[in-house]
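These notes are about the structure you will find just below.
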Amino acid sequence: MEDLYSVRMRSAKGGSHEHGGEHISGAERLVHRDVLSAVVMEMMERALQHEKGQPDFINLTVELAEAAIIRGLQALPADTLPAKNVEEGHQLAVDALTEIGVSTYAARQAVQLLKTGPSPKGGVMRGAIIMDAETGKRLEPDQHRGVRATKIDWAPETLMHWGDAVSQLGFNRPRVWEAIALAAKVVNHPCTVAELCWSDDPGYVTGYVASLKRGYLRIPHLKKPGDPLGGRVFFVRTTDFNLAAYIEYLEQTPAIINRLPDGMTKKEADLL
Ligand code: AMP
């Protein structure tokens, strides 16, 4: 492993996040020195061209991640659950979560929060909810901001092989591979039971349930087109759980996806 650079972007409208601005977009990369400038420019363009509107605040942070502290992780295997509409999508999400070990109450609670807007103001959060997988209690210290999983990316050659393998499935797209990387980091913490996510982008209605047990399960309809709400919930088991250490792992430990799922070859993935 070599030293890498963590590049993070967040943008908002109506002022900075700290001063009550509305969150527009965010992005994470962990890259080699030789592509750093190009990645910074690409991220700036991405911030400026978001479908949710023109931000008036953009924060770009670049930070060295020393090789010794970077964790190498395996990509999660991906599968799609067959939902035909939002009601089915929500039911499939609850079923998958309960099968993985989340209580039915907590799973339903999470769906309801993302549906109605997880921030106490009713809108979206910039980060994720941390939820007790048993009781459904919210544990994140700031319910407006949530907790962000950062310092995550794919090793370029691993991503290239993954892209070849899933090319027939129609999900070789940045949105999917970025979400798989984030989910892999989140579910690799021993206290995480599962993650539930759907986007706040009005045009993107597919979401997922992720876990070490079942991998990354895409669900095609978790909201209606045009709906600006969404979010993430990290379900945790709270025996031997240290909230500060959990947040420290999510925000500070650099993680790079440098292995494909077990047995993934181009031919096998095409048959999924
Ligand atoms: P997105 O898929 O980027 O539309 O994000 C959907 C939701 O997930 C956002 O509204 C945030 O609440 C949450 N989120 C986005 N990025 C992160 C992150 N890096 N860590 C934790 N939660 C995030």
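None of the figures in this text is laboratory data; all of them are computed from the coordinates on show. Since we're looking at a predicted model, the values are computed, not measured. Note that we place each Cβ from the backbone using ideal geometry, even for glycine, and neighbour counts take in every protein chain shown.
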Alpha carbon convex hull of the chain, projected area averaged over orientations, nm² = 13.7
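In the neighborhood of Tyr5, defined by Cβ-to-Cβ distances under 12 Å, what is the net charge if each Lys or Arg adds +1 and each Asp or Glu adds -1?
Values: positive: Arg8, Arg29, Arg33, Lys151; negative: Glu2, Asp3, Glu28, Asp34, Glu63, Glu66, Asp153.
Value of the local net charge: -3.
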query = Where does the charge balance sit around Ala67 when Lys and Arg score +1, Asp and Glu -1, over other residues with C-beta under 15 Å from its C-beta?
reply = -2
query = Any idea what the relative contact order of region 1-148 is, in percent, if you count C-alpha pairs under 8 Å spaced at least 6 apart?
reply = 19
inquiry  = Explain nothing, just the number: relative contact order of the chain, from Cα pairs under 8 Å at least 6 residues apart, as a whole percent.
reply    = 24
request  = Please give the calculated 222 nm ellipticity per residue for the chain, where each DSSP H segment of at least 4 residues contributes -39500 (n - 2.57) and the sum is spread over every residue; nearest 500 deg cm²/dmol?
outcome  = -9000 deg cm²/dmol
task = Return, ordered by residue number, the residues of region 47-85 whose backbone nitrogen is under 14 Å from a label point located 7 Å along Cα→Cβ of Lys224.
result = 85
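Using the reciprocal of the averaged 1/r over all distinct C-alpha pairs, how large is the Kirkwood radius of region 1-129 in Å? Show your work: numbers first, answer last.
Working: mean 1/r = 0.0562 Å⁻¹.
Value: 17.8 Å, from the Cα pair sum.
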ask   = Taking the Cα-to-Cβ direction at Leu64 and at His50 and moving 7 Å from each Cα, how far apart do the two end points lie in nm?
value = 3.0
query = Looking at the chain, what % of its DSSP beta bridges pair antiparallel, to the nearest 5?
reply = 70
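State the extension gain, in nm to one decimal, for the chain segment bounded by Arg259 and Thr239, taking 0.36 nm per residue of separation less the distance between their alpha-carbons.
On the way: separation 20, 0.36 × 20 = 7.20 nm, distance 2.98 nm.
Value of the extension gain: 4.2 nm.
R0 = 35 Å: FRET efficiency of His32 with Glu251, Cβ-based, nearest 0.05?
Numbers: r = 22 Å, r/R0 = 0.63.
Calculated value: 0.95.
Please give the length that would be gained between Glu88 and Tyr105 if that part of the chain were fully extended, namely 0.36 nm times their separation in residues minus their C-alpha to C-alpha distance (nm, one decimal).
On the way: separation 17, 0.36 × 17 = 6.12 nm, distance 1.76 nm.
My answer for the length gained is 4.4 nm.
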query = What is the distance in Å between the Cα centres of region 86-144 and region 11-33?
reply = 23
note = P(r) of region 114-222 over all Cα-Cα pairs, 5 Å bins starting at 0, rounded to whole percent, reads 2, 11, 19, 24, 22, 13, 6, 4, 0
